[in-house]
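The values are calculated or read from the model by the stated rules, or taken from the named source; none is laboratory data. Since we're looking at a predicted model, the values are computed, not measured. Glycine gets a Cβ as well: all are built from the backbone with ideal geometry, and neighbour counts include every protein chain shown. Heavy atoms of the whole protein, side chains included, go into the accessibility calculation; ligands, DNA and RNA do not. Shrake-Rupley method; radii C 1.70, N 1.55, O 1.52, S 1.80 Å.
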Amino acid sequence: MEMDRSGALLEVEGLHVRYKTKSAEVYALNGLDLRVERGEKLGLVGETGAGKTTLALSILRLLPERVGEITAGSIRYEGEQLLEQSEAYMLGLRGRRISMIFQDPMTSLNPIKTVGEQILEVLDLHFPGLSKAEKLGRVARMLETVGIPASRGGDFPYQFSGGMKQRIVIAMALIGEPELLLADEPTTALDVTIQAQILEMMSRLREEYGTAVILITHDLGVVAEFCDRVAVVYGGRIVEQGSVEQVFARGMNHPYTEGLLGCIPELDSRAERLTPIPGQMADPTVQPKGCSFAERCGRCMEICRTRQPEPFESEGHSIMCHLYGPGEV
Amino acid sequence: MRIYKPAALLLLAALLFSLPGCASGQEARKGADGGGSSVILATSGEPYRFYALSEEGCAGDDNLVLSNVYDCLTFLEADGSISPGLAERWELSEDGLCYTFHLRQGVKFHNGAEFTARDVKFTFDKGAAGPLGSGLFVNFKSCEIVDDYTVNIYLTAPYAGFLYGVASRLGGICSLDYYNEVGDEGYLEAPIGTGPYRFVEAVGGEKIVLEAFEDYWRGEPAIDTVIIAIVPNVSTQMIGLENGDYDAVRNPPIDACTHLEGREDICWDYADSTGRITLYLATWGGRVGEDINFRRAVQCGINKEEVTAGTSSGFATILDIDMCPMYGGYPTEGIVTVDYDPQQALDYLAASDYSGESFEILVKSGTGEEMAAKIIQSQLIELGINATVTAVDNTTYTQLQYSGNFDAIIREQLSSMVDADGASTYFNTTPGYAYTKNCKYPLADVIYPLFVKGREVQGEERTPYYVEACNLITQEAYLVPLYNGLIAVAYSSQLQGVEAHCLGSYNFYHWSWK
Amino acid sequence: MYLVKYTIKRLLMLIPVILGVTLILYFVLELSPSNPALQILGADASAEQIAALEHEMGLDQPIIVQYVRYILGVLRLDFGSSWVSGYDVLDTFMLRLPDTLMLAFTATLWAVALGIPIGIYAAVKQYGVFDYGSMVLTMLLFSMPSFWLAILCQILFCLVLHWLPATGVGSLRHFILPALVLGANTLASMIRMSRTSMLDVLRQDYIRTARAKGASKAAAIVHHAVGNSLVPVITQIGISFAGCIGGAVVTESIFTIPGLGSMLINAVKARDVPVVMGTVILVAIIVGVINLVVDLVCAKVDPRIDLAA
């Protein structure tokens, strides 16, 4: 299979994802476009429920069966259309070319298998030709790399702290040497000091392996620290994408991003209260007609309610808002 | 994991089909191929004691084994008559106090020892001293050895039914020498008798195995091995019989037998048993039965035809007195009977003091009598008597019975004493007598002496006393005789010589395969 | 080494349990109205004979003295003899034990082998036809009275088809129908328990992790889900197996299997105190051992279980 190594690593175009529950249909993603280059560290930010995890699961086609459905759009990875591939293809992809790590390390590991066995499983699945000794060697080295003594490979998950468990999860994700790592809020469940350690380790590993990372988080500080580029998700769409400098510079921003940035408390500010974004996220059971941020936007215009904005791009920084772009009032 | 399910089914199918087809085994048991012939009898009551003379005595179910391992001086036939056994003939003295038995010669015990008068004396002396002695060797005084083959048995007072006791399970002759060797314990474990079958083994809860005794004085039995299988569940017994697992079933319920009509491979037989099913009313303890009008209402308010139809499909004989017609001394004429007359019953009830109190009929659960009780209950309710049925388990029943704790009780009196004297049990005024300690009938002092006189004489002379006693009981309506019990047997049609015996035991000696 | 100590500790813990149970049982039996000596000898016996037997049986002593004598006997492994049959209680028990164990084992074995896969599959295909079908099956199995099922099987397989023997314990084939009938209830429990446990496990995050590693759905189920779903199921197996030891009365009765269940029930009906006590004690020991084995196996399956707790 020839892979197109010239273009972007991952290209998501117009992705629509819907969840069908007994009571209603939830429109999780409404035409999401995203592009990730090789080796890039992309931060994916947004409130809870914006669709960040859904995007990650959709890339791997691991949406919950019967409930989650990709209704439209395309996902191209290294030039291949993932949505057209067979399940066998996806099995070869997951854990080997694209890995995902999840939010809560406490429950992500099988409690009745040793950590060594669980890391080994990745090798068994994707490197059947290797000898047992070789595999065990790799597992041991991986453990050391993430800062866990190789001798602890025979221990069970309950014998490790939260931070160490997350390291093991990362070890499992990277031992297949994937080109893309989807990290879904990997440090949210950990305390701040551990968080820093994990992020630092992830950085180092990324350097070593050259893996691209989509870091899903709601913490802008983490994005600033760790990522090259950032994409803001709101209402199932990317409303703003750009380099970290471009977005955080506060020169030109989507109103939602402005609101988010405004929420960050500054040490030297004299403000006594933070300014939250008014209102709540739009009801996801309703497909948005106009801009999904319209109700909450301080600078909402007539056109915002009726027509979807087109992304306006300038030097790699794109914003999806009627305030910017050719249709400007 | 998805392969487990079909694999399990495959295994099951393999088990079912690969093993050889289910031969019932009956062919093998006929012994056609030169091997010994055998028979399997299924019974629910388990025999435990294979020796009657120990301090603990033995129970009715034990008779099944005892009557085949031991012989008595006299035999009780299937129809309740007495025939010669180990005694060829006997005489009774004029005063009725001495039985002289002339013993058969050349009879051997299972261990080869000769049967002589010493064994008879041993058996009677020991038996009379045991717990069953007073009930079965009634009035026994002593046993005298006249010579090797003649004994005299002396009684304290004449007793007309004595020969039934001689024929009972207590009368199975045991070997004195063997007893001296092994004692009660040893005898219980490995019994020795003169009977047609030798005791081989008993596996508790499972089976008892008997083996033919080659030197039996009447000749070797046709069936080499008898296996008594303990099968507690009646439907299992019948299914086993139909399937060929069993060759005969002991005392199945009559309606189970009637379902067998038309089958070529299974026959059944029934006979009147020595037991009578009777409803006794309690006339003590402040109960409703103290009122004679109430008792008379019950007496004529019971439709016995309906009762026998419901319990034995009408096969049973209806009784008018508390005795079975086969009993020795049964009075055949002069008996006053009470017919079913619901109108008369209502009149009696009106004349009585009955005001709706509950009338509890005690009965053993799971028996034919329970069915009878229920039928009677519905009949009495129609008359306006608030009748209820209390069906309890064996042990509780015994307890309540002896303590007199019932308004009415239905008993099945399967009696080894196949004699009219059996009806005296509940009128016995001897102090301390277990059955009447708590159950006293007002006129027992008048009734009992009649029974006593009746048993002291013989033959025809007994009749007038029993007539008077029974008529008195009927007049007082102390009890309502219902019907004669039935013993049944269901068996493979390939067997011959099988017959139902009034006491529920079987003479395997007569059985053979066609 | 720790396992050995734990095992011994558990076995020792059985002692107070057994003492407590037997004490209550003894007093209850004594309180129920019956006179064993009278029962054995019959009413024809004289009062002296009955009194003599009572004395021999020790029934004229105060209850607590009788109880203590009994317990002391048990410690010497003397469980006395049946008041009804005279057979030694321990001998009878040992005689009946192999058949009972065989029945319990075969009944539990097929029910487990069939029930766990069905439950797992029903959970994996939740809301599907198989799931609803298995629920209906479970309900049917729980509702069927065992004596009805037993007689039905006897009629079908023995009388009509002539495939199997109806009664007795002669060979392995004799156990097929009884195991079928006795295992029906266990099958229902197994399906339900493994389905419930599996449904719970399938929602866990580590299943999702396994899929994200590239494991197929089937592989994730086999390698990750099944093991985690086993602990409650193993416990249920222990319960079902123990239930068959002393509780298979109906099956034993209809198929004429001389087992411990009928031994116990008949003894209770006859107020045969030595047999009741002896059977209860010995069955309690067996059940205690079964529970111990279940706990040890669970600890092996799930390393989080700390036996010391």
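Residue-level check: of (1) at pLDDT 90 or above; (2) under 22 Å from the mean Cα position of the chain (by Cα); (3) surrounded by fewer than 19 Cβ atoms within 10 Å (Cβ to Cβ), C:Ala219 misses just (2).
Scanning segment B:139-162 for residues that are in contact with a Lys or Arg (Cβ under 6 Å, 6 or more places away or on another chain) and farther than 24 Å from B:Val452 by Cβ yields a single hit, B:Ile145. Within segment A:120-135, the set of residues being open to solvent by less than 30 Å² (accessible area, probe 1.4 Å) and out of contact with any Lys or Arg (no Cβ under 9 Å at 6 or more places or on another chain) comprises A:Lys135 only.
I'd like to know if segment C:260-281 contains one or more residues that are more than 10 Å from every other protein chain (Cβ to nearest Cβ), under 16 Å from the mean Cα position of the chain (by Cα), open to solvent by less than 20 Å² (accessible area, probe 1.4 Å) and closer than 30 Å to C:Tyr2 by Cβ. The answer is yes; a qualifying residue exists.
Applying a threshold of 8 Å to beta carbon distances and a minimum spacing of six or more residues, or different chains, the list of pairs starting in segment C:66-80 at a residue that is touching a residue at least 60 places away in the same chain (Cβ under 8 Å) and ending at one that is part of a loop (DSSP other than H, G, I, E, B) and surrounded by 17 or more Cβ atoms within 10 Å (Cβ to Cβ) reads C:Tyr70/C:Gly80. Which residues, taken from segment B:435-454, are modelled with pLDDT under 90 and either under 20 Å from B:Arg276 (Cβ atoms) or touching a strand residue (DSSP E or B) at 6+ places or on another chain (Cβ under 6 Å) (or both)? Residues satisfying the conditions are B:Tyr435, B:Thr436, B:Cys439. Of all residues in segment B:284-303, those satisfying the criterion of being of a type outside the set (Val, Ile, Thr) and part of a helix (DSSP H, G or I) are B:Gly289, B:Glu290, B:Asn293, B:Phe294, B:Arg295, B:Arg296, B:Ala297, B:Gln299, B:Cys300, B:Gly301. Regarding segment A:281-300, can at least one residue be identified that is under 26 Å from the mean Cα position of the chain (by Cα) and among the hydroxyl-bearing types (Ser, Thr, Tyr)? Checking segment A:281-300: at least one residue is under 26 Å from the mean Cα position of the chain (by Cα) and among the hydroxyl-bearing types (Ser, Thr, Tyr).
This table checks each residue for (1) touching a Ser or Thr at 6+ places or on another chain (Cβ under 8 Å); (2) within 11 Å of chain A (Cβ to nearest Cβ); (3) open to solvent by 30 Å² or more (accessible area, probe 1.4 Å).
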residue: C:Ala166; (1), (2), (3): yes, no, no
residue: C:Val181; (1), (2), (3): yes, no, no
residue: C:Ala184; (1), (2), (3): yes, no, no
residue: C:Met193; (1), (2), (3): no, no, yes
residue: C:Ser197; (1), (2), (3): yes, no, no
residue: C:Ala210; (1), (2), (3): no, yes, no
residue: C:Ala215; (1), (2), (3): no, yes, no
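Taking the criterion of being assigned to a helix (DSSP H, G or I) and open to solvent by less than 50 Å² (accessible area, probe 1.4 Å), the residues of segment A:225-245 that qualify are A:Phe226, A:Val244.
Just to be sure before I move on: is A:Val17 of a type in the set (Val, Ile, Thr) and away from chain C (no Cβ under 14 Å) in the structure I sent? Spell out the reasoning first.
Numbers: of a type in the set (Val, Ile, Thr): yes; away from chain C (no Cβ under 14 Å): yes.
Yes; evaluated as a whole, the condition is true for this residue.
Identify, please: which residue in segment A:180-201 is under 14 Å from the mean Cα position of the chain (by Cα) and not β-branched (Val, Ile, Thr) and is, among those, farthest from A:Pro105 (Cα to Cα)? Among residues in segment A:180-201 that are under 14 Å from the mean Cα position of the chain (by Cα) and not β-branched (Val, Ile, Thr), the one farthest from A:Pro105 (Cα to Cα) is A:Leu180.
Taking residues in segment C:237-252 that are assigned by TED's automatic domain parsing to the domain that holds C:Gly278, and partners anywhere that are surrounded by fewer than 20 Cβ atoms within 10 Å (Cβ to Cβ) and charged (D, E, K, R), the pairs with Cβ atoms closer than 9 Å and at least 6 places apart or on different chains are C:Gly238/C:Asp295. Restrict the check to segment B:216-226 and report whether at least one residue is open to solvent by 10 Å² or more (accessible area, probe 1.4 Å) and within 24 Å of C:Asn266 (Cα to Cα). No, segment B:216-226 contains no residue that is open to solvent by 10 Å² or more (accessible area, probe 1.4 Å) and within 24 Å of C:Asn266 (Cα to Cα).
Kindly establish whether C:Gly86 is in contact with a Phe, Trp or Tyr (Cβ under 7 Å, 6 or more places away or on another chain) and not aromatic (Phe, Trp, Tyr). Give the derivation first.
Numbers: in contact with a Phe, Trp or Tyr (Cβ under 7 Å, 6 or more places away or on another chain): yes; not aromatic (Phe, Trp, Tyr): yes.
Yes; evaluated as a whole, the condition is true for this residue.
Pairs are defined by a Cβ separation below 8 Å, a sequence spacing of at least 6 or placement on different chains, a first member in segment A:92-107 that is closer than 25 Å to C:Asn228 by Cα, and a second member that is hydrophobic (A, V, I, L, M, F, W, C) and open to solvent by 50 Å² or more (accessible area, probe 1.4 Å); the pairs so defined are A:Gly95/A:Leu125; A:Gln103/A:Ala189; A:Asp104/A:Ala189; A:Pro105/A:Ala189; A:Met106/A:Ala189.
The set of residues in segment A:278-329 being open to solvent by 40 Å² or more (accessible area, probe 1.4 Å), modelled with pLDDT of 80 or more and touching a Phe, Trp or Tyr at 6+ places or on another chain (Cβ under 6 Å) consists of A:Phe312 alone.
Do we find a residue being at pLDDT below 95, under 24 Å from the mean Cα position of the chain (by Cα) and not in a strand (DSSP E or B) anywhere in segment B:352-365? Looking for residues that are at pLDDT below 95, under 24 Å from the mean Cα position of the chain (by Cα) and not in a strand (DSSP E or B), one finds at least one in segment B:352-365, hence yes. State which residue is least open to solvent (accessible area, probe 1.4 Å) when the search covers only segment C:31-49 and only residues that are part of a helix (DSSP H, G or I) and touching a residue at least 60 places away in the same chain (Cβ under 8 Å). By that ranking, first place goes to C:Pro36. Selection of segment C:199-208 for residues being assigned to a helix (DSSP H, G or I) and either at the interface with chain A (Cβ under 7 Å from one of its Cβ atoms) or within 24 Å of A:Phe127 (Cα to Cα) (or both) yields C:Asp205, C:Tyr206, C:Ile207, C:Arg208.
Elements of the type strands (runs of 3 or more DSSP E) sitting completely within segment B:73-149 and holding at least 1 residues that are open to solvent by 40 Å² or more (accessible area, probe 1.4 Å), free of Cβ contacts under 8 Å to residues at least 60 places away in the same chain and over 27 Å from B:Tyr187 (Cβ atoms): these cover B:87-92.
Candidates are the residues of segment A:82-111 that are open to solvent by 50 Å² or more (accessible area, probe 1.4 Å) and more than 13 Å from chain C (Cβ to nearest Cβ); the one that is nearest to A:Val12 (Cα to Cα) is A:Leu83.
A residue that is part of a loop (DSSP other than H, G, I, E, B), open to solvent by 60 Å² or more (accessible area, probe 1.4 Å) and more than 10 Å from every other protein chain (Cβ to nearest Cβ) cannot be found anywhere in segment C:65-75.
Restricting to segment B:373-419, and then to whatever is in a loop (DSSP other than H, G, I, E, B), within 14 Å of chain C (Cβ to nearest Cβ) and open to solvent by 40 Å² or more (accessible area, probe 1.4 Å), can you tell me which residue is modelled with the highest pLDDT? Full working, then the answer.
Taking segment B:373-419 first, the residues in a loop (DSSP other than H, G, I, E, B) are B:384-385, B:393, B:404-407, B:415-418.
Within this subset, residues satisfying the condition of being within 14 Å of chain C (Cβ to nearest Cβ) are B:393, B:404-406, B:415-417.
With open to solvent by 40 Å² or more (accessible area, probe 1.4 Å) added as a condition, the list becomes B:393, B:405.
Working: B:Asp393: 87, B:Asn405: 91.
Per the criteria, the residue is B:Asn405.
None of B:Tyr187, B:Tyr179, B:Tyr197 is open to solvent by less than 40 Å² (accessible area, probe 1.4 Å) and out of contact with any strand residue (DSSP E or B) (no Cβ under 9 Å at 6 or more places or on another chain) except B:Tyr187. Checked against (1) open to solvent by less than 60 Å² (accessible area, probe 1.4 Å); (2) touching a helix residue (DSSP H, G or I) at 6+ places or on another chain (Cβ under 8 Å), B:Met326 passes all but a single condition, namely (2).
Residues that are within 11 Å of chain C (Cβ to nearest Cβ) and more than 17 Å from A:Glu177 (Cβ to Cβ) within segment A:119-154 comprise just one, A:Gly154.
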